[in-house]
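Just below is one structure, and these are the notes that go with it.
The values are calculated or read from the model by the stated rules, or taken from the named source; none is laboratory data. On a predicted model such as this, the values are computed, not experimentally measured, just so you know. Counting neighbours? That spans all protein chains shown, and the Cβs are built from the backbone with ideal geometry, glycine included.
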Amino acid sequence: MQTVRHILHHIANHLPERTVFVDATNALSIRQKLDQGWRDLDAGRTYTQKEVGLRLQCNRSLARKRRMTSQCQTTRLFNASKGSYGTNR
């Protein structure tokens with residue numbers, strides 16, 4: 001198993017000469033996410049391509065419903081405000 005120090009040296013050695021801290025922290029974040037992904041894979045916490053497709057479809061339909069609901073709420077509020085002010089102002 002690699003030590004954190006070894007991983008940091010490896011990442012630092014592969015960064016361009018003119019890099020900023022944001023680039024280094026992004027590289028560390030990506031490395032951390034990849035490591036977590038490998039641990040999930042080893043533990044069997046994975047989805048098939050079909051399962052991912054179904055999850056994406058559900059998320060899209062929920063997003064559409066939320067968007068339509070918020071549009072309806074905005075329209076109702078607008079109509080209510082017009083009605084409450086009246087036309088004789």
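Collect the residues in segment 1-14 that are within 12 Å of Arg31 (Cβ to Cβ) and among the aliphatic types (A, V, I, L, M), keeping them in residue-number order.
Val4, Ile7, Leu8, Ile11, Ala12
Just to be sure I understand, how many residues within segment 14-70 are in a helix (DSSP H, G or I) and under 26 Å from Gln2 (Cα atoms)?
23
Can you say whether Leu77 is surrounded by 10 or more Cβ atoms within 10 Å (Cβ to Cβ) and modelled with pLDDT of 75 or more, as far as the supplied structure shows?
Answer is no for this residue.
Note down all Cβ pairs under 8 Å where the first residue falls in segment 38-66 and is of a type in the set (Phe, Trp, Tyr), the second is part of a helix (DSSP H, G or I) and surrounded by 10 or more Cβ atoms within 10 Å (Cβ to Cβ), and they're at least six residues apart or on different chains.
Listed pairs, sorted by first residue: Tyr47/Arg55.
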